[in-house]
1. Considering each residue of segment 260-287, count those that are surrounded by 11 or more Cβ atoms within 10 Å (Cβ to Cβ), farther than 23 Å from residue 153 by Cβ and modelled with pLDDT under 85, and give that number.
2. For segment 25-33, state whether one or more residues are surrounded by fewer than 15 Cβ atoms within 10 Å (Cβ to Cβ) and either closer than 30 Å to residue 110 by Cβ or at pLDDT 65 or above (or both).
3. Taking the residues in segment 108-137 that are modelled with pLDDT of 80 or more and in a loop (DSSP other than H, G, I, E, B) as candidates, determine which candidate is surrounded by the most Cβ atoms within 10 Å (Cβ to Cβ).
4. Right, residue 103: under 19 Å from residue 270 (Cβ atoms), modelled with pLDDT of 85 or more and assigned to a strand (DSSP E or B) or not?
5. Would you please name the residue that is farthest from the chain's Cα centre (by Cα), looking only at residues in segment 143-165 that are surrounded by fewer than 17 Cβ atoms within 10 Å (Cβ to Cβ) and modelled with pLDDT under 85?
6. Could you check segment 70-97 and list, in sequence order, the residues that are in contact (Cβ under 8 Å) with a residue 60 or more places away in the chain and more than 27 Å from residue 114 (Cβ to Cβ)?
7. Take the residues in segment 247-257 that are surrounded by fewer than 21 Cβ atoms within 10 Å (Cβ to Cβ) and part of a strand (DSSP E or B), then tell me which one is modelled with the lowest pLDDT.
8. If you go through segment 288-301 one residue at a time, do you hit one that is touching a strand residue (DSSP E or B) at 6+ places or on another chain (Cβ under 7 Å), within 23 Å of residue 170 (Cα to Cα), at pLDDT 65 or above and loosely packed, with under 14 Cβ neighbours inside 10 Å?
């Protein structure tokens, strides 16, 4: 009888037969319970965050609608545009360079650009010769001159764009989005604002001229406006074309950065790209194009919206 009572009231044994007081068992249980509660809280927070994040289709549909509104609102602004176009030889020496400054104003469905200043130079027999007008040629066949003028016109003067930047370089409009697949990569912070990081690439069986780019875009999570977009050529130039024309292009890609000025008014403030061209078996250049838009003015009210290029 005494032995049974002793066994009934005996304290539980721990490792190696040591006696463990009930209070000590509770001390081991409480941390486990606390840890389980924290896991449950974090899981609930993660689920709530996931529920609040729209899918990529919804994100891009909103971007497409906002692009149409933003394009319409841009026609109410004039601004100054500065272009830097540079061609560098394989040796690293600048072959030709132009700095152009324009006054840009809305004009029907596009923009009208007035050249304010042009500072150009080209290298000839180890010396730089300056000029001050577009399309300048120092000899009958001037490949560098043709390229500089062509890139300025083709890449920064799209007649169907409110800002001169080709809409097909960055698939943001509803029409361009139909040609691409999109994927939501992450939700990040950029300049103090929450953004969605979205990748894009052409849908299968697209024609090269219809959808040529792949890359990533940062989309403002609150306003569904693009903050920055980086694109590069999605396809390689076919080897047969390289052999036939003696032409190869490496590193072709572009980036554009947007800033908010007023409610619903976002403007591309910087745009550029750098790539290498080899053509006709002897010509090699690294081509860089950089553009900045500053000093925005409303055309219908007496107010200015000024953004300086060196603003951080």
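The values are calculated or read from the model by the stated rules, or taken from the named source; none is laboratory data. Just so it is clear, the structure is predicted and the values come from calculations on it, not from any experiment. Cβ sites come from the backbone with ideal geometry, for glycine too, and all protein chains shown count toward neighbours.
1. Going through segment 260-287 one residue at a time, the tally reaches 4.
2. Checked segment 25-33: no residue is surrounded by fewer than 15 Cβ atoms within 10 Å (Cβ to Cβ) and either closer than 30 Å to residue 110 by Cβ or at pLDDT 65 or above (or both).
3. Residue satisfying both the conditions and the ranking: 136.
4. Against the criterion (under 19 Å from residue 270 (Cβ atoms), modelled with pLDDT of 85 or more and assigned to a strand (DSSP E or B)), residue 103 qualifies.
5. 150
6. 88, 89, 90, 95
7. It comes out as 248.
8. No: zero hits.
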